[in-house]
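Asker: The structure is given below, and queries will be raised subsequently.
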């Protein structure tokens, strides 16, 4: 099926709702989104064509968006009508009462097609409508591995061996791509590696499971520090966020995007956006147990309670959830659709790159917190970011970093 035929099929999927025409004179809808959620000009033009409205999108990094939302809402002002709402913010923002319930804006049959919507439900209220079906998978440069005579690694030891072989051959000076800055992306990578080493962050009572040297979390951070010292990770990574790692992969500078976003393959394999389009492939996250593990990090659009022009956001959400728009955003931005029907159509069409691997990784993607994201997550994450960055810079050892994180988690729960 060609792309045009697919889009015609996709748009024929039942939606059970339509657009509210806004008219060109309407005030532009203010949105606050990260780079991967920011529409291309072609798509903003399409929004105007389809709905009669216009968009005013402010693009900031993930951490900056969180800071701006918190600062604005404490001051009882909305930073935009629609904002990024990450899975990890649901507990904090829900407890504060900062975001409106959006459940009435999306038909039940459409929500049933978006299983990750449950993650954005707090106290019975839908605080965000998911647009990005994100989970972590390993992405690698096949040409680098071929040059080194290395196989795709399935264990953590094999990963180190492959990275050393690639470095020795000169295919990449720093084969393993991981952000180690004081940023959420760095914390996210540590969470993933904790699962890769066979463990979890907390027990059922939110008691830390990462403080002893034999724990998975401890081993995960030690892995990062040791790989950095060995020269398998770029020393500049202590100042890099995850989007910078993505740029390095697209430029052919690194071999493994170890904590790769599932949807980014659409960008990595696009010759217009990537120099390694022919060599970018996905593999299950390496592990130590014989079973790959990952976790989900979906993203949504939410609406602050003090926002203006709320009717316009309803129109935007309706438009955002159409199959045609979801497909276009996957192909241009690497945003993996959240609707199961759209994912199935992409897989059938052959447009979902590395579809079998993504399906297998998605099947073992777990929630990071089985009990639900706690309201104190931001304090915990902040402590992880600071301690990990300090350990990577050699300012503290891993044992001290683990103690600092555990103490911060305990204090946040008081």
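The values are calculated or read from the model by the stated rules, or taken from the named source; none is laboratory data. These numbers come from a predicted model, not from an experiment. Here the Cβ positions follow ideal geometry from the backbone for every residue, glycine too, while neighbour counts run over all protein chains shown.
Asker: Please find, within the range 275-284, the residue that is surrounded by the most Cβ atoms within 10 Å (Cβ to Cβ) out of those that are over 18 Å from residue 336 (Cα atoms) and touching a strand residue (DSSP E or B) at 6+ places or on another chain (Cβ under 8 Å).
Answerer: My answer is 276.
Asker: So, one more: Which ones in the range 200-221 are out of contact with any strand residue (DSSP E or B) (no Cβ under 8 Å at 6 or more places or on another chain) and outside any helix (DSSP H, G or I)?
Answerer: 200, 203, 204, 205, 206, 207, 210, 211, 212, 213, 214, 215
Asker: Also: Could you look through the range 185-199, keep only residues that are assigned to a loop (DSSP other than H, G, I, E, B) and touching a residue at least 40 places away in the same chain (Cβ under 8 Å), and pick out the one that is surrounded by the most Cβ atoms within 10 Å (Cβ to Cβ)?
Answerer: Filtering the range 185-199 for residues that are assigned to a loop (DSSP other than H, G, I, E, B) and touching a residue at least 40 places away in the same chain (Cβ under 8 Å), the one surrounded by the most Cβ atoms within 10 Å (Cβ to Cβ) comes out as 197.
Asker: Taking the stated definitions as given, is residue 258 modelled with pLDDT under 95, over 28 Å from residue 105 (Cβ atoms) and in the same structural domain as residue 195 (by TED's automatic domain parsing)?
Answerer: Working: modelled with pLDDT under 95: no; over 28 Å from residue 105 (Cβ atoms): yes; in the same structural domain as residue 195 (by TED's automatic domain parsing): yes.
Here the answer is no, as residue 258 does not meet what is asked.
Asker: Next question. Tell me, which helices (runs of 4 or more DSSP H) lie completely within the range 29-130 with 2 or more residues that are under 20 Å from the mean Cα position of the chain (by Cα)? Full working, then the answer.
Answerer: Numbers: elements: 41-51, 62-74, 90-96, 108-112.
In the range 29-130, the matching helices (runs of 4 or more DSSP H) lie at 62-74, 90-96.
Asker: Out of the residues in the range 357-368 that are surrounded by fewer than 18 Cβ atoms within 10 Å (Cβ to Cβ) and touching a helix residue (DSSP H, G or I) at 6+ places or on another chain (Cβ under 9 Å), which is nearest to residue 69 (Cα to Cα)? Can you show your working first?
Answerer: We begin by selecting, within the range 357-368, every residue surrounded by fewer than 18 Cβ atoms within 10 Å (Cβ to Cβ); these are 359-360, 362-364, 366-367.
With the extra rule that they be touching a helix residue (DSSP H, G or I) at 6+ places or on another chain (Cβ under 9 Å), the set shrinks to 359, 362, 366-367.
Working: 359: 34, 362: 30, 366: 27, 367: 24 Å.
Taking the candidates together, the pick is 367.
Asker: Then there's this: Which one is nearest to the chain's Cα centre (by Cα), of the residues in the range 243-262 that are surrounded by fewer than 24 Cβ atoms within 10 Å (Cβ to Cβ) and either in a strand (DSSP E or B) or touching a residue at least 40 places away in the same chain (Cβ under 8 Å) (or both)?
Answerer: In this case the residue turns out to be 243.
Asker: Looking at (1) surrounded by fewer than 17 Cβ atoms within 10 Å (Cβ to Cβ); (2) more than 30 Å from residue 50 (Cβ to Cβ), can you tell me which one residue 240 breaks?
Answerer: Going through (1) surrounded by fewer than 17 Cβ atoms within 10 Å (Cβ to Cβ); (2) more than 30 Å from residue 50 (Cβ to Cβ) one by one, residue 240 breaks only (1).
Asker: While we're looking at this one, here's another question. For residue 149, indicate whether it is in contact with a helix residue (DSSP H, G or I) (Cβ under 8 Å, 6 or more places away or on another chain), over 28 Å from residue 119 (Cβ atoms) and free of Cβ contacts under 8 Å to residues at least 24 places away in the same chain.
Answerer: Yes.
Asker: Condition check: at pLDDT below 70 and under 28 Å from the mean Cα position of the chain (by Cα). Does residue 15 satisfy that?
Answerer: Considered against the rule, which asks whether it is at pLDDT below 70 and under 28 Å from the mean Cα position of the chain (by Cα), residue 15 comes out as yes.
Asker: Of all residues being touching a strand residue (DSSP E or B) at 6+ places or on another chain (Cβ under 8 Å) and free of Cβ contacts under 8 Å to residues at least 40 places away in the same chain in the range 77-116, which is surrounded by the most Cβ atoms within 10 Å (Cβ to Cβ)? Just the residue, please.
Answerer: Step by step, filter the range 77-116, then rank; the result is 111.
Asker: Given the options 379, 356, name the one that is more than 15 Å from residue 133 (Cα to Cα), modelled with pLDDT of 90 or more and outside any strand (DSSP E or B).
Answerer: Exactly one residue qualifies, and that residue is 379.
Asker: Scan 150, 161 and give me the residue that is modelled with pLDDT of 95 or more and part of a helix (DSSP H, G or I).
Answerer: Exactly one residue qualifies, and that residue is 161.
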